[in-house]
Amino acid sequence: MQPRSNRAPDRSRPARRGRRLLATAVAACLAISAAACGDSGSEEPATDLAIPTDEQTLEPEVTVEPGPAPEIELLDAGSGEHRVLAYGPSREPATVAVTRSATARTAVPGSQPRVDETPDQTLTVEGRSEPDVDGAQRATATVREFSSVDELRAAQFATAPGFTVTWTRGADGTVRELGLAAPADATDAARAGVEITANAISDATVVFPTEAIGHGARWTATRQVDDAVAPTRVVTYELVGLDGDVATVRTETTAPGTADTLTAPAPDGGPGVTLDVETYEVTGVGELTVDLRAALPVDGRTESSTRAVYVDPETGQRTTYDEDSVLQFRSVG
């Protein structure tokens, strides 16, 4: 059993953003047999081959709730010329390569340590944006190509091309809704991979203050997330460059106010599991180049890490979880 699930969403219902439930999952893992936790499993390569996107039939779009809107606080308006930065409709489609990689390490008492690797995998998407109601923006990205340094993963994702992801976001960048439309023949692996990347892109979307700002401006976005130990994320932004509609922004992410204990229900309906939280650290840094008239950042990189240590108060046994992930954007056309 993994602390964070990469399982594809149920095709018959709206997908859910279960991206930050690793603490609950670790506790649930301790509630079942060690043998089950240690079973890494394997997935057979897909035999379906991708077909041209203009011949594909998409399933009805499913939506993902983004959660409460973040609270924005302007810390420093910056210097020089000031203006309100707001997203707008694209002048023409833009093609961006989005590369994601990750490593997760889990050590649970009574089972072998587990390492889950996501080697560099790239979704090349064509993005465009158009006006929506109430000054919002509807940004759409269509997957044109998938590539991976891992041949098995490349085969599993062969049906990703044609997948369409749509963000409805306010003029300031606040994501109001995320929609996913999969090709009818898409494999579960392709669905899961695209959803995970789409969620990561949503997290990387820069949210601007509604006030006019200039070079060196700093502001924070505080949001509530599905995390049983640290339900708050704070992203600090700094505007380090502005050329027309293209802004360069540095980011730093923290998770303040962690809980002292973790309590989670057992998956079999039995007694719940309570663990002491010895360490729980979430950090992130990045620099993104944002075209206010593009659906996705056109360049940049973000890095995030999670370090968690839980202690069973009865036995003193320690469970550890470490995860590192990288998201990169590169304009290719």
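When you count the other C-beta atoms within 10 angstrom of each residue and take the mean per peptide, 95-103, 67-75 line up highest first as 95-103, 67-75. Taking only the C-alpha atoms of segment 22-331, the Rg (one decimal) and the largest Cα-Cα distance, Dmax (whole number), read 20.8, 62 Å. Using only C-alpha positions, report the orientation-averaged shadow area of the convex hull of segment 156-229, nm², one decimal. Answer in nm², one decimal: 7.3. Extension gain, Ala77 to Asp116, is 9.8 nm, computed as 0.36 nm per intervening residue step minus the present C-alpha separation.
Under the shape rule built on the C-alpha gyration tensor, where the axes satisfy a ≥ b ≥ c, segment 141-266 is oblate, since a/c reaches at least 1.5 while a/b does not exceed b/c.
Sorting the segments 174-185, 145-156, 285-296 by their mean number of nearby beta carbons within 10 angstrom, highest to lowest, gives 285-296, 174-185, 145-156.
Bear in mind these aren't lab numbers, they're just calculated from the coordinates by the rules spelled out. Only a predicted model underlies this, so the values are computations on that prediction, with no experimental measurement involved. In this analysis, Cβ positions are derived from the backbone assuming ideal geometry, glycine residues included, and neighbour counts consider all displayed protein chains.
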